[in-house]
Amino acid sequence: MKNKFRSILLTVSVALALADLGRASAISYIRDASGGEGPFVDGRMLTGAGQVNSWSGRAGALGFELSMADPDINFFSLITYCGDPTRYLEVGPIGGTGLPFQVVGMSDFYTNSSDIERIEKLWKLAFGDSLTTATKAAAFQFLLWEYIADSTIDLTDGIVKISDADVLQQALAWNTQVNGATARAMLLVLDGSPWNRQSFLFEQYGVTVVENPEPSTYALLGAGLLAFGYLRRKR
């Protein structure tokens, strides 16, 4: 029950934080989660995989804590991937207030609609599966970077190069499935670029960004209906 209620609070918080997205970017706060190797989930979801530009090393799923409105309270678990292959990873320390990030739409962050489509299809297709092994987590991250950074999909040449054979095989398999997919995830970007920091992707979980003169009205209505539905089911 507690976890369900926390999920509902997070969804409501996202709705409220995005209420003014059409006029100004909402601010969220991210800090590292406890445990694991650095920010990587449990120290397991990373592996030696390849190269992006001049950086060479390991990649995987990231375990953070996210607050949509207040840097001191209401932090929730967030598992995500890097959305910017050109900047360094930096978030707040474990138990701290977190560093600020702007919440923006995909089209506000990426200029190429084809890149956005591929990213959203990959997320819908493989995000859950990517969290099951270090190889899959690395393949997911490097394929995301390939979609973002390279004009043609060639995972052994260009800006993004995968050197690990197992990671490469998995990434190629997912790319083939993405080419035939139609379903897309609804993603937003935690944009760290105003502070020269890495940016991260996360799913909206059913929250729709409404861009009109009074979007906050719709967000409040949605939050009220969500809470009402939850209380009704508990009776």
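The values are calculated or read from the model by the stated rules, or taken from the named source; none is laboratory data. Please read all numbers here as calculations on a predicted model, not as lab measurements. Every residue, glycine among them, receives a Cβ derived from its backbone with ideal geometry; neighbour counts consider all protein chains shown.
Looking only at the stretch 40-65, residues that are without any contact (Cβ under 8 Å) to a residue 40 or more places away in the chain and within 19 Å of the chain's Cα centre (by Cα) come to 5 in all.
Has the stretch 203-210 got any residue that is part of a helix (DSSP H, G or I), closer than 23 Å to D42 by Cβ and modelled with pLDDT of 90 or more? Checked against the condition, which is being part of a helix (DSSP H, G or I), closer than 23 Å to D42 by Cβ and modelled with pLDDT of 90 or more, the stretch 203-210 yields no hits at all. Residue check: W174 meets all listed conditions (1) crowded, with 17+ Cβ neighbours inside 10 Å; (2) not in a helix (DSSP H, G or I) but one, namely (2).
Cβ-Cβ distance below 6 Å, separation of 6 or more or different chains: which pairs start in the stretch 94-110 with a residue that is farther than 15 Å from E203 by Cα and end on one that is of a type in the set (F, W, Y)? If the second residue must be of a type in the set (F, W, Y), the pairs left are G98/Y29; P100/Y29. Is it true that L168 is assigned to a helix (DSSP H, G or I), more than 21 Å from the chain's Cα centre (by Cα) and not β-branched (V, I, T)? It is true that L168 is assigned to a helix (DSSP H, G or I), more than 21 Å from the chain's Cα centre (by Cα) and not β-branched (V, I, T).
In the stretch 148-165, of all residues being of a type in the set (G, A, S) and assigned to a helix (DSSP H, G or I), the one that is farthest from K124 (Cα to Cα) corresponds to A165.
Of the residues L125, L66, L78, the single one that is under 24 Å from A165 (Cα atoms), modelled with pLDDT of 90 or more and among the aliphatic types (A, V, I, L, M) is L125. What about T111, is it β-branched (V, I, T), under 20 Å from F64 (Cβ atoms) and out of contact with any Gly (no Cβ under 6 Å at 6 or more places or on another chain)? When the stated conditions are applied, T111 does not pass them.
Checked against (1) under 14 Å from Q51 (Cα atoms); (2) charged (D, E, K, R); (3) without any contact (Cβ under 8 Å) to a residue 60 or more places away in the chain; (4) surrounded by 16 or more Cβ atoms within 10 Å (Cβ to Cβ), K136 passes all but condition (1).
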